1. Going by a 1.4 Å probe on protein heavy atoms, which residues of region B:374-412 end up with at least 50 Å² less accessible surface in the whole assembly than in their chain alone?
2. Report the semi-axes of the equivalent ellipsoid for region A:238-277 in whole Å, largest first, where each axis is √(5λ) for an eigenvalue λ of the Cα gyration tensor.
3. Among the listed pairs B:K391/B:K415; B:K128/B:K179; A:K106/A:K215; B:K93/B:K135; B:K79/B:K338; B:K115/B:K338, which have their C-alpha atoms separated by more than 29 angstrom in this model?
4. Compute accessible area for region A:134-151 by itself and then with all protein chains, 1.4 Å probe, and report residues whose area falls by 50 Å² or more.
5. How long are the semi-axes of the equivalent ellipsoid of region B:149-223, taking √(5λ) for every eigenvalue λ of the Cα gyration tensor, in whole Å from largest down?
6. Quantify, in whole percent, the carbon and sulfur part of the accessible surface of region B:42-149 (1.4 Å probe; protein heavy atoms only).
7. Above 24 Å lies some portion of the pair distances; for chain A, what is it as a whole percent of all C-alpha pairs?
8. Would you please classify the overall shape of region A:12-131 from the alpha carbon gyration tensor, given that a ≥ b ≥ c denote the square roots of the eigenvalues, rounded means a/c under 1.5, and beyond that prolate means a/b larger than b/c while oblate covers the rest?
Amino acid sequence: MSFSQKLSKWDIKFSPYLYISPFFLMFAVVGLFPIGYTAVISFMDWDLVRNSGEFVGFDQYVWILSQPHFWTALRNTFSIFLLSSVPQLILAIFIAAVLDRHIRAKTFWRMSVLVPYVVAPIAVGLIFNAMFADQSGFINGILQAIGLSAVPWHVEPLWSHVAIATMVNYRWTGYNTLILLAAMQAVNRDYYEAATVDGAGPVRQFFAITMPSLKPTLIFVIITSTIGGLQIFDEPRVFDQFGRGGAAQQWLTITLYLYDIGWGQWNFGRAAAMAWILFIIILLIGLVNLVVTRSLVRDEGLHRELTRRQERKLAKTAKQSVKEDQR
Amino acid sequence: MKSRALRRIGLIAGAATTTAIVLAGCTGGGTPTPTSSGDGDKNFEGVELTLATFNDFGYTDELLAEFTEETGIKVVHNKAATSNDARANFFQKLGKSGLADVEGVEVDWFTEMMKYSDLVAPVPDDLKGRWLDWKEQAATDANGNLVAYGTDIGPQAICYRGDLFEAAGLPSDRAEVAKLFPTWDAFFDVADDYVAKTGKPFIDSANSVLQGLVNQLEIAYEQPDGTIVATENADIRAAYDTVVDRAIPIASYAGQWSDDWYASMAGGEFAAMLCPPWMHGIIAGEAPDVTGWDVADAFPEGGGNWGGSYLVVPANGANVEASQLLADWLTSPETQIKAFNNAGTFPSQPDAQSSADLTGFVNDYFNGAPTGEIGINRANAITVATYKGEKYFQFHDALQNAVTRVFDGLEDKEKSWNTWVTEVSAF
């Protein structure tokens, strides 16, 4: 084998790895390394300024788990997550279904649902804070004008969660709508035509055709909004002037607590341990979500009521009967 | 939604410090080393320094141009929007690289910095004595090194609404009002009287009273030897009791700086505020349409300091000597007077306080009150510099939360105190 032959052999063997290596190198530097470094720091009593630490084992994890604030933060995070993700996804599916139909100025409506997403989170925070202010707020003004009592948005935990979830929903509903709309557009129009011929109304069509076809997209949207929801930070951070979750931790979320431990108290060992705990929580919830979503949303079973095996069997018998007829 | 996750990580990494980081990006490199003329007399011609401050120190471009004219040193001034931005940026880079040659540090996080006092260049000995005693003392580390150049202080006075006072049957003349507040008891009696007559809150917030009380204690939460006394300190308990029993009923809000608080200032809902000189600009800026604000030359039980800043020179900077020269110049009495004229930052140098520019200063918004002279009197009335340990910020913040919980009706007085005790034990 000549050298050039060898060279071309190596080329075939190793070049592909070389071509894709930039991604993995980048991932190692900006992805893997910080994750590993965080794990190392989480076992240390870390001094950021002097960049040194003392190994303390699982102390930081024990400390976090023994903090009442951590459990309050966990409760708040889930509460805000549920209050935002659930209505947001239902609303997004509904709006997407409406946009999927034949309406005037389609593109205009489709683009306009994305407008809130483009607004900077801090701007959203400022606007909504002015609206949700306990005394001078626009919303309480309206409530009082129609004879209801003002809502203590910054006092009662549940109300603060509702207010924060509103900000989240404002920003993310449009985003999810567009993803779901794209999935809906991919559904074969023949199904709808057939269903119309069969006499199924829009509601029946939605549940029998649209929803089942959305399953993979829904799983994606639910998983990503779970990750985002559990990492919720900007909205509770800008909810009051201090950004520390309220005097009684009414709207302290896990990431907010993490930030405060890290950048408020300069305790990066604890903050790193907290980051890993959050990572594990997200992993667990993600798995639970996947299982639940899979079993809740029915498979494309309605327009294919039989399994492939049954279909093959049917085809076989049909073929045979045709053969027998020909005989 | 990947962008969402990424953005969140970005936020955690920097939150509102984006400005600071961007600014810091400009501070690296490009600074030529000073050329020594060899005979000990330094020549800094062509040197470029960076100066990082926040809010408004009063260091205008014209002011810095004067320095360049005198020394030939160019100064690039980076301003962070808030003290919190500056704090995050400062501690992320201290001991590493990327800090400006001269950095502004606020008293609220100054004690945190004192833990790393070996990482900043000490102030030359010949400058000792330039500042007020307590200002200097707070910046002296365990080894006796003065490590920071004092800029401004916040001697508290009482700002009041003359029109509302008059309507409630109280005196409205500056000198008369000053006599109303010799002690905290007298202060709260006047306040109760006002609330009873008008049905409106007297003061803006309960936590500003807590701030006022704590700033009059010698020992707050930690002793100079590091012992934590927060929960056992009878003075702290007394301050808490006073605030809950007497300040909450007369206060409009639990704390300051909320949207409601700003709106209520603009609407002119409350009649008085505890106000250091830097608050004057905030009131005038937020409530331009409210007339009747005035400043009384008084503060219950003497004096109290709230806020103020220092300049420090990171020891690992490229041009420590030139930077020291800049910090020296900026905190000289003459320059501080100019800064006061620019931004109302009250000088911490006794020499500056005898200057006619300061003694004759009159604030038109506050009904022509001689705020320069009042500031001097209030600064002289300060007898105690509260010892603020490195965790002061955490302790005080948690205690403020305790007051807020009572204010909001979430917990009663005892329960909220106990919650605070539990929280403090976890620090």
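1. In region B:374-412, residues shielded by partner chains: B:Q394, B:L410.
2. 19, 10, 7
3. B:K128/B:K179; B:K115/B:K338
4. Buried by the other chains: A:Q135.
5. Value: 27, 15, 11 Å, ordered largest first.
6. 44 percent
7. It works out to 69 percent of all Cα pairs.
8. oblate
The values are calculated or read from the model by the stated rules, or taken from the named source; none is laboratory data. Please read these numbers as outputs of a predicted model, since none were measured by experiment. Here the Cβ is made from the backbone with ideal geometry for all residues, glycine too, and neighbour counts use every protein chain on show. Only protein heavy atoms, including side chains, enter the accessible area calculation; ligands, DNA and RNA are left aside. Shrake-Rupley method; radii C 1.70, N 1.55, O 1.52, S 1.80 Å.
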